[in-house]
Structure formats: C-alpha cells, structure tokens
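Enquirer: Below is the structure I would like to discuss, written out as structure tokens.
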Amino acid sequence: MDDLKGVFNEHKIAYFSMEIGLSNDIPTYAGGLGVLAGDTIRSSADLNLPIIALTLVSKKGFFNQHFDENGWQIESYEEWDPSKYAELLEPEINLKIENRNVKVKAWLYKYYSFTKEMIPILFLDTDFEENEPKDREITHYLYGGDEKYRLKQEIVLGMGGARMIDALELDIRKYHMNEGHSSLLTLELLHNYNMDGEKVRNLCVFTTHTPVKAGHDTFPYTLVEELFGDNEDIELLKKYSDSDKLDMTRLALNLSDYVNGVAKRHREISKQMFPGYEINTITNGVHTYNWTCSHFKQLYDEFVPGWAAEPELLVRASNIPYGRVWEAHNKAKKDLIDYVNEKTGKDMDYETLTIGFSRRAAEYKRHSFIFTDLERLKKVNYKGNLQFIFAGKAHPRDEAGKKIIQNIFGYIKELEGQIKIAYLEDYDMELASKMVSGVDIWLNTPMRPYEASGTSGMKAAHNGVINFSVLDGWWIEGWIEGVTGWSIGPKSYEYSSEDKIAKQEIDDFYNKLEYIIIPTYYERRNDWIKMMSNSISMIAYYFNTHRMMRRYVTEAYL
Ligand SMILES: *Cc1c(COP(=O)(O)O)cnc(C)c1O
C-alpha cells in the first residue's frame with residue numbers, strides 16, 4: 001500500500017467511464033464514448049492533471065467483426081490479458097449482489113504521456129475463484145447480456161468503484177461520471193456522508209451524452225431490489241431518481257453540482273429532455289497528437305513547432321505551403337487506398353475523389369443515406385467520378401443494425417462496375433485513424449438531433465480532411481459554409497417536418513456533390529487545398545481534448 005501512495009499521491013479527480021479506449025490491444029471500448037474517455041486520459045496526462053480513471057476490465061472485450069458472403073456480420077471475441085499490461089492491486093472490496101458476496105479487485109494500468117506524466121487507470125475485475133461463476137462473468141463483456149447483467153455491471157462500476165477509492169485511501173475531491181452508467185457511486189457517497197445530499201452534490205460532476213430518451217439506462221425497482229436493495233437504499237434511489245423506476249441519468253442529475261452536455265446543441269436538447277436542471281456545455285474534442293497521421297505530424301513539426309503540447313498553435317496552419325499539405329494528404333490517401341485494395345480487391349485509385357463514412361450501425365446514423373436515389377447517385381458519379389469507403393460495427397444483439405450493414409453490401413453489388421464502394425471490416429481506433437486521414441471527404445448524415453456531438457469529423461479535420469455533414473452535434477459549431485466544409489440540409493434551428501427536412505437533406509447532398517464539391521476537387525484544386533488548410537486552422541486548433549480538459553478543470557472541477 002505504501003508504495004502505491006506515490007502513484008496515487010495527487011489524484012484528486014476520479015473519472016468513471018463504462019468504456020475507455022486506450023489502445024487497440026485493450027479492447028475495452030465500443031465506440032465514441034470510449035474513444036472520448038481515452039482521449040480525455042491522453043490529454044489529462046499531457047496536461048499533468050490530477051485524475052485517476054475507473055472502468056471495468058471487460059476481459060472478453062468488445063468483439064471483432066467479420067462478414068459472411070451475404071454481408072451478414074459475424075462476431076468473434078478475443079480475451080485480453082490484463083496481467084500483461086497492468087498490476088493487480090492488493091486491496092479488495094466486497095459487494096452484495098443477489099445476497100451473495102462479490103469480491104472486486106482492481107488492475108492498475110499506468111498511462112504515460114510523451115511528457116512522462118502518468119495517469120493511473122483502475123480496471124475493476126470480479127473474475128476471482130472466491131466468486132460464483134456467474135459473478136465472475138460480470139466484468140467480462142462490454143455492453144453484453146441483458147438488463148440484469150447491465151445493472152450488475154453498473155453496481156460494480158459505481159458502488160464498487162467508489163468503495164475501491166476508499167479502500168485505496170484516495171483523497172478524491174470530484175467524482176466525474178462520464179455518462180450515467182456509474183451513477184450508483186452517488187449511493188455509496190450518500191452512505192459515506194450520512195445521507196447528506198448537498199455534500200454529495202458538491203462532489204459530483206456529470207456529463208450526459210445521449211440526446212434520446214430511450215438511450216438513458218433505466219431499471220425497474222423490482223430488479224434493483226432483487227440485486228442489492230435493502231429498503232433504505234430503494235427509498236434513497238426513489239428520492240434522488242424517479243419514483244417508478246431507477247433512472248440513472250436522473251440520479252446523476254439530482255446529485256451533481258455540475259452537469260454538462262457535449263456540444264452546444266446537445267445542451268439545448270438536454271434541457272428540453274430534463275427541464276428544471278441547470279445544464280452547461282463543454283464541446284467534445286479529440287486528442288490532437290493521437291489522431292494526426294504520421295505525414296501531417298511531420299508537416300506540423302516543421303511548420304508549427306510545439307503543436308502537440310499546444311494544439312491551439314494549429315491556428316497558424318495556413319503557414320504551411322499548399323503543395324506540402326497536398327503532398328502529405330496524398331501520402332495518407334495512398335496508405336488507405338492500398339489498405340482497401342489489399343483487403344477488398346476493389347482496385348480503387350489514388351486520383352478519384354474519395355468519400356468516407358464510418359459509424360456504429362444505428363438507424364439514426366443513416367448509413368444508406370447516399371443510396372436514397374440510385375439514379376441520381378449514378379448521374380453525379382458519371383459527371384465526377386467518386387469512390388466510397390464504409391466501415392462500422394453493429395451491436396452483436398442488434399439485428400436491425402446488422403441489417404443496415406447488409407443493405408449496404410446489397411447496394412455495393414448493385415452498383416458494381418459503376419461506382420467503387422468498399423465496406424471495411426472491424427472498425428476500431430486503428431482503422432479509424434487510417435480512414436479519417438486517408439479520404440478526401442468525411443461524410444456524416446445523422447438524423448437530427450440524435451448526434452450529441454460526434455468526434456470522427458474532428459479527427460478528419462486534424463488531417464486536413466474536409467467535412468460534409470448534416471448540421472447536428474459539434475458540426476454546428478465547426479461549420480462555415482465553403483470555408484471549413486459543407487453542410488447537408490437546413491440549419492438546425494429552422495423548424496420543419498421530419499419528412500421535409502429529410503427531402504431537403506438528400507437534395508442538398510446530391511446538389512452540392514454535383515455542382516460544388518466535385519468541380520472544386522477536380523477543377524479548382526487550390527480552393528480545395530485552402531479548405532483543407534482551413535479545416536486544420538479553424539477546426540483542429542479548437543476541437544481537441546486539451547481545450548476540452550482545460551474547460552473541465554476551470555468550469556467543472558475547481
Ligand atoms: C472516433 C471514433 C468513434 C466516434 O465517432 P463518431 O463521429 O462520434 O461516430 C467511434 N468509433 C471509433 C473506433 C472511433 O475511433
């Protein structure tokens with residue numbers, strides 16, 4: 001314990017997240033939430049912030065994705081071995097779940113910044129001999145299992161995490177809940193502070209990420225009671241959450257002193273969903289160094305020295321000669337096209353305007369958007385020559401999501417010989433890096449207002465890749481038409497029916513592609529590169545996690 005004191009010495013902020021995407025070898029992330037958590041850690045380390053992170057070990061991780069010959073997703077699971085990366089800490093804590101004793105221990109992983117600063121990450125684990133087999137599984141699958149399994153995981157993350165902090169005798173000043181999965185930590189704090197809600201509120205910060213009601217975790221009290229409830233706890237939860245069900249968001253809202261959404265628009269939506277709460281906004285970012293490809297790293301080193309530690313300096317990216325921007329981009333594009341051709345045999349080429357799209361397969365992301373009018377797409381392509389690269393996973397139990405992907409395989413077949421379209425398997429952070437730096441246009445077509453923030457477009461901008469996106473999430477803040485990229489459809493505040501908006505969006509998409517984007521790419525190369533340069537100096541300089549974390553410190557933590 002004593003030698004651990006040094007490790008944890010100054011760590012005053014505990015950051016709780018169900019998923020954290022630290023590296024590709026540690027598959028404890030599923031998508032945007034986990035990647036954001038990983039970038040939060042990366043920037044915190046660079047900035048030497050006194051943060052410690054807690055998550056579940058998710059030993060069997062998220063899955064690897066493959067496709068059968070019909071474009072149907074097949075999953076495989078690969079276990080990662082925490083003992084190879086982390087050290088099992090001595091202290092253990094116990095939780096009561098279904099009246100059984102469940103022992104929880106923590107793996108300490110030390111994340112080092114290139115500045116040599118370190119952030120400790122605790123991976124909570126229940127896979128120990130003393131536990132019954134079904135309890136050993138609680139920390140195996142990220143977002144696996146049913147409602148009951150999920151609640152058990154949230155008990156381990158929230159209550160277990162808070163107890164582990166006490167067992168390690170850490171002096172925590174703020175508990176930051178990254179999404180509601182860890183809200184049960186408030187229950188633990190209420191017990192620690194004599195049921196004083198005001199005290200607990202002063203300790204808690206909550207970031208909500210979900211602009212749809214159905215996306216917020218709720219559990220019936222019968223289930224809560226079955227898993228851990230004594231009457232006192234149920235009464236407390238009813239007091240601080242909803243009286244008819246345990247709503248994890250409501251619990252966090254009621255017991256946090258600072259609450260924020262992840263983009264300005266998301267704040268407005270959250271206020272409508274949860275009237276009566278003060279909700280702030282800190283727009284998301286990405287970790288600049290992590291998401292810049294090697295070719296642009298070299299360029300920035302040469303022309304914007306100090307950029308990695310101080311991404312704001314990218315505001316001066318217009319100092320980089322256009323020829324060099326174009327050259328760096330084409331190297332990144334070649335890396336991607338070679339990869340695509342090797343994996344799919346699509347025979348894509350380096351000169352063709354290449355559009356990328358990768359998202360978790362969920363209906364609101366509208367993967368098939370570009371295929372809405374195939375004749376129109378063919379006509380646009382005939383005049384301009386396009387190629388498309390898709391990727392993205394569906395949740396293993398989401399048949400509808402798998403169907404979305406399979407549909408795209410159908411379109412790919414239908415357009416064979418006319419438009420080259422590839423769907424790459426197994427989207428993860430490594431593939432994301434290749435895609436967001438190697439395409440010419442990064443496309444995003446969410447149904448509004450379901451994109452809370454989105455971050456992949458920020459990654460694209462760090463590599464001089466131009467965004468073409470529906471005005472939702474962060475893009476409302478990053479977009480200047482024809483300067484930093486292009487919008488699809490009306491401005492977000494223009495009110496109109498859903499059908500009408502969808503029609504405007506699809507018209508806008510084909511029209512801009514045909515009359516603005518294709519001619520600019522093929523005929524006005526200088527204008528194109530200016531927009532690439534603007535993407536760096538007017539988007540990347542701001543939409544990074546260094547800026548985001550400085551704001552969390554001054555607005556939420558202090
Ligand atoms: C960045 C990233 C995401 C999130 O991208 P969105 O734009 O929010 O959809 C998801 N998955 C991976 C692997 C990523 O790298």
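Read-outs throughout are calculated quantities, based only on the coordinates presented, and are distinct from any laboratory measurement. The structure displayed is predicted, hence computed values, not measured ones. Counting neighbours? That spans all protein chains shown, and the Cβs are built from the backbone with ideal geometry, glycine included.
Enquirer: Which of the GluC sites (Glu not before Pro) across segment 489-558 are loop residues per DSSP, with 11 or fewer other Cβ within 10 Å?
Expert: Hits after loop and neighbour filter: Glu494.
Enquirer: Turning to a different aspect of this structure: For a footprinting-style exposure proxy, rank Trp307, Trp475, Trp486, Trp326 by other Cβ within 10 Å, fewest first.
Expert: Trp326, Trp486, Trp307, Trp475
Enquirer: Within the set of other residues whose C-beta is less than 12 Å from the C-beta of Glu78, count the net charge using Lys and Arg as +1 and Asp and Glu as -1.
Expert: Details: positive: Lys59, Lys60; negative: Asp25, Glu75, Glu79, Asp81, Asp426, Asp428.
The answer is -4.
Enquirer: Then there is this: Note down the magnitude of the dipole of the chain about its Cα centre, charges +1 on Lys and Arg C-beta and -1 on Asp and Glu C-beta and zero elsewhere, to the nearest 20 debye.
Expert: So the dipole magnitude of the chain works out to roughly 1760 debye.
Enquirer: For Lys491 and Lys379, compute 0.36 nm times the residue count separating them, minus their Cα-Cα distance, and round to one decimal in nm.
Expert: Extra length from Lys491 to Lys379 when fully extended: 37.6 nm.
Enquirer: Diagonalise the Cα gyration tensor of segment 335-536 and give the resulting equivalent ellipsoid semi-axes, square root of 5 times each eigenvalue, largest first, whole Å.
Expert: For segment 335-536, the ellipsoid semi-axes come out as 22, 21, 18 Å.
Enquirer: Now for a different question. Compute the orientation-averaged projected area for segment 458-558 from the convex hull of its Cα atoms and round it to one decimal in nm².
Expert: That works out to 7.5 nm², a quarter of the Cα hull's surface.
Enquirer: Now, a different point. Take the eigenvalues of the Cα gyration tensor for the chain, scale each by 5, and report the square roots as semi-axes in whole Å, largest first.
Expert: Equivalent-ellipsoid dimensions as semi-axes: 40, 25, 23 Å.
Enquirer: From the alpha carbon gyration tensor of segment 2-285, can you work out the equivalent ellipsoid semi-axes (sqrt of 5 times each eigenvalue) and give them in Å, largest to smallest?
Expert: 26, 23, 22
Enquirer: Step by step: find N for segment 89-132, compute 2.2 N^0.38 Å, then divide the Cα radius of gyration by it. What's the final number?
Expert: 1.54
Enquirer: Quick one: order Ile536, Ile501 by neighbouring beta-carbon count within 10 Å, fewest to most.
Expert: Ile501, Ile536
Enquirer: Separate question: Using a 10 Å cut-off around each Cβ, can you sort Lys59, Lys134 from fewest to most neighbouring Cβ atoms?
Expert: Lys134, Lys59
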